[in-house]
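Sending over a structure as structure tokens; questions will come in a sec.
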Amino acid sequence: MKPDSRLPQTLGLADVFCISVGAMISAGIFLLPGQVYAHVGPASIVSYAFGGLLATAGIMAVLELATAMPRAGGIYYFATRSLGPLAGTMSGVLNWAALALKGAFAIYGTAQIAHGFFPALPVPATGLALTAAFLLVNLLSTSAAAKMQRVLVAVLLLVMVAYVALGADKIEAARFVPFLPEGRRWSAVFAEAGFLFVSFGGLLGVISVAEEVKNPRRSIPVGILSGLAVVTLLYALVMAVTVGAIDPAALGESASPLADAARLHYGRAGFATLTVGALLAFVTTGNAGLMGAARYPVALARDRYAPRLFAAAMGRRRVPVPALLLTGAVVGAVQFLDLETLVKVASTVVMLSYVLTNLSVVILRESGIMNYRPSFRTPLYPALPIGCTVVFALLVAEQGSTAVAAGLVLASLALYMRYGLKVRRESALKQLVGRLARDDFETPALEAELREVVRTRDGLVEDAFDLAVQEAPAVILPGPSTLRGFFEEAATAAAAALGCSAAELLDRLVARERASSTEIAPGVAVPHAEVPGATGKFLVVLAKCDGGVRFSDDDDSPPVRTAVFVFASKDRRGDHLRALAMVAQTILARRFGARWEKARTPQQLRDIFLLARRTRGPGAPGT
């Protein structure tokens, strides 16, 4: 990735929360309750709650991937690096379409409200004007769009809470009987969650701007989970109030049930307030949808699966102008289409995205990719991601609306054939298959890419010890070894790099170990020796012995499996001491032992130290 194509980190925890909430609260609760009620009656409350639970279960895998790889393009990026470029290209096109369609539907809802107040305003033309307005805000900068989102979401939440609080005493218990209409089964209630799942699809928009989030390790999971919890609770409460406050026959036919309930009990003022709330919901969703969808062309173009033009981030604020213009054009065109069908397709596409992300987590975890380092890990692995894959696949089949989704898949295949076949890219799936044939099989390009992702995410500054580790020879012994044999392997590797006698280095290592043990922790040692007759010499050798090496005659102490050999000339003794401190900090990390045991290649050993969260200082060795 070119340095000038990186998008700036301008979004904080509050922005992630507001984008999440604003992207979810829209047509799903302001327009769909009437249709959902007509399908399953008062049990529609359960459908909304179940939809929230499904979204929560499914988002766990998304959060793991987003904290491991906070990059523009979200699920596309995850799918490409885990399942391969063809699956990734499909994912990119599908998710771009899903967010664009969700945003377009919200803009359409805004245009409908405007038309209701001002009948002279045609809906399609108003939708085009609103699309242009949102596009202008996003072209100014992501932070400007996020600031607008904060204000709108704050007002929207106040309106929703007021609706629940004031409407609670208008509820009539008789309207909840029967809770499940005669002839309906509970399976239909749960399946209805698939129809309204687009209500939670806005979460994908947050993931697609993960690259622009400050402190993604914390802000992404906390912001999204808190937003999802708030929205799920609000959906259930709002639906309960709406079912209890409106005549069942009227509710089943209502296109704006919340506003109708407010007008019934509070007159024109109530109707106007809820209409404003709906307007705010549509505005926040339209804005978030446009913002999130535009990041998918950026990611596709960066990987050369789309014209490079769409990777450009322009101006002082690094705004992805071409991608925004393309997305805005599609959103504008959708204003003239059958949006009811498109919303159903959007739900299908969103659920397919959850299928891909849960599969991606399984592939990445089982592949042995060392630099896959999420700060949030999916609970109940592997049961939860496998279960989510099955449930979402069943709900997709239940929807039955696959024609448009199939068209998008064909479009992504055409894009891949035109651009993707020219690009070679490694994936976790390739790594997983390769390991079946050879234990030390590796995908170095993918490991290197993820190494840079982790460095950027954690703000790791390259220091003197890092520079030494990058050049460090590595020794990996699959079975047990004697102490002298272990030292001989390290001395031979060091002598080749330093241009000195391996025998002399070996003698010095053995003599130093006899003087006092270099074990610094159970199973870990830092043997060291002075490089004879030289100046300016400093070298680290990383060594792993799976079978273990006995550094002492004490049978109760565990054998050494981890060793960092340090060789330094007399004038580099200070670097030697600093290296010992860096090694000590690294091995005390919580997951060091598991990562070291898992490592099978020299570069994987180096990366454990290069990506360690430890004290870092500027400068190269000897400066």
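Quote the charge dipole size of the chain about the Cα centre in Debye, to the nearest 20; the model charges only the Cβ of Lys and Arg (+1) and of Asp and Glu (-1).
1160 debye
Using θ = phi - 60° and the Karplus relation 6.51 cos²θ - 1.76 cosθ + 1.60, list the HN-Hα couplings for segment 32-45 in order, rounded to whole Hz, with x at every Gly or Pro.
For segment 32-45, the Karplus-derived couplings read 7, x, x, 5, 5, 4, 4, 7, 9, x, x, 5, 4, 4 Hz, x marking Gly and Pro.
Which is farthest toward the positive dipole end of the chain among Leu130, Phe17, Ile224, measuring Cα position about the Cα centre, with Cβ charges +1 (Lys, Arg) and -1 (Asp, Glu)?
Leu130
A further question follows. As I understand it, the dipole of the chain uses +1 on the Cβ of Lys and Arg and -1 on the Cβ of Asp and Glu, about the Cα centre. Which of Ala98, Trp596, Phe118 lies farthest toward its positive end?
Phe118
Now for a different question. Given 0.36 nm per residue, what is the gain on full extension from Ala250 to Arg418 after removing their alpha carbon distance, in nm?
On the way: separation 168, 0.36 × 168 = 60.48 nm, distance 5.22 nm.
Net length gain for the segment: 55.3 nm.
Right, here's the next one. I'd like the FRET efficiency for Asp556 and Asp439, computed as 1/(1 + (r/R0)^6) with the beta carbon distance as r and R0 of 41 Å, rounded to 0.05.
Working from the Cβ atoms, E equals 0.85.
What is the packing order of peptides 348-358, 226-236, taking the mean over residues of other C-beta atoms within 10 Å and listing the highest first?
So the peptides 348-358, 226-236, ranked by packing, come out 348-358, 226-236.
Please compute the length gained on full extension between Ala272 and Ala162, using 0.36 nm multiplied by the number of residues separating them and subtracting their Cα-Cα distance.
The span from Ala272 to Ala162 would gain 38.3 nm if fully extended.
Please sort by residue number the trypsin sites (Lys or Arg not before Pro) in segment 270-370 whose DSSP state is loop and whose Cβ has at most 15 other Cβ atoms within 10 Å.
Arg304, Arg316, Arg317
To continue, here is another question. Eight or more residues apart or on different chains, and alpha-carbon atoms under 22 Å: count the Lys pairs in the chain matching that.
Step by step, the pairs that qualify in the chain add up to 9.
If one takes the longest principal axis of the Cα atoms in the chain, at what angle in degrees, from 0 to 90 and to the nearest 10, does the Cα axis of helix 383-399 lie?
Tilt of helix 383-399: around 30 degrees.
Now a separate question. To the nearest 20 debye, what is the magnitude of the charge dipole of segment 462-610 about its Cα centre, counting +1 on the Cβ of each Lys and Arg and -1 on the Cβ of each Asp and Glu?
220 debye
May I pose another question? Could you point to the residue in Ile386, Val164, Val283 farthest towards the positive end of the chain's charge dipole, with +1 and -1 charges on the Cβ of Lys/Arg and Asp/Glu respectively?
Value computed over the given set: Val283.
Grab the beta carbon distance between Ser517 and Glu462, set R0 = 30 Å, and tell me the FRET efficiency rounded to 0.05.
Efficiency, rounded to the nearest 0.05: 0.40.
Indicate, rounded to the nearest 5 percent, the antiparallel portion of the DSSP beta bridges found entirely in the chain.
Once the DSSP bridges in the chain are tallied, antiparallel ones form about 50 percent.
Tell me the label only: which of [x] 56; [y] 61; [z] 78 is percent of Cα pairs over 31 Å apart as calculated from this structure?
After the calculation, the listed value that fits is [x].
Order of Tyr77, Tyr372, Tyr37, Tyr419 from fewest to most other C-beta atoms within 10 Å?
Values: Tyr77 30, Tyr372 23, Tyr37 26, Tyr419 19.
Ranking Tyr77, Tyr372, Tyr37, Tyr419 by Cβ neighbours within 10 Å, fewest first, gives Tyr419, Tyr372, Tyr37, Tyr77.
If you don't mind, another one. Tell me, what is the percent relative contact order of segment 508-552, built from C-alpha pairs under 8 Å that lie six or more residues apart?
Contact order relative to length: 36 percent.
Separation between the Phe118 and Ala154 pseudo-spin-labels, each 7 Å from Cα along Cα→Cβ, expressed in nm?
Distance between label points: 2.7 nm.
Every number in this text was worked out from the coordinates using simple rules, so none of it is lab data. None of the values given here were measured: they were computed from a predicted structure. Cβ coordinates were reconstructed from backbone atoms using ideal geometry, including for glycine residues, and neighbour counts include every protein chain displayed.
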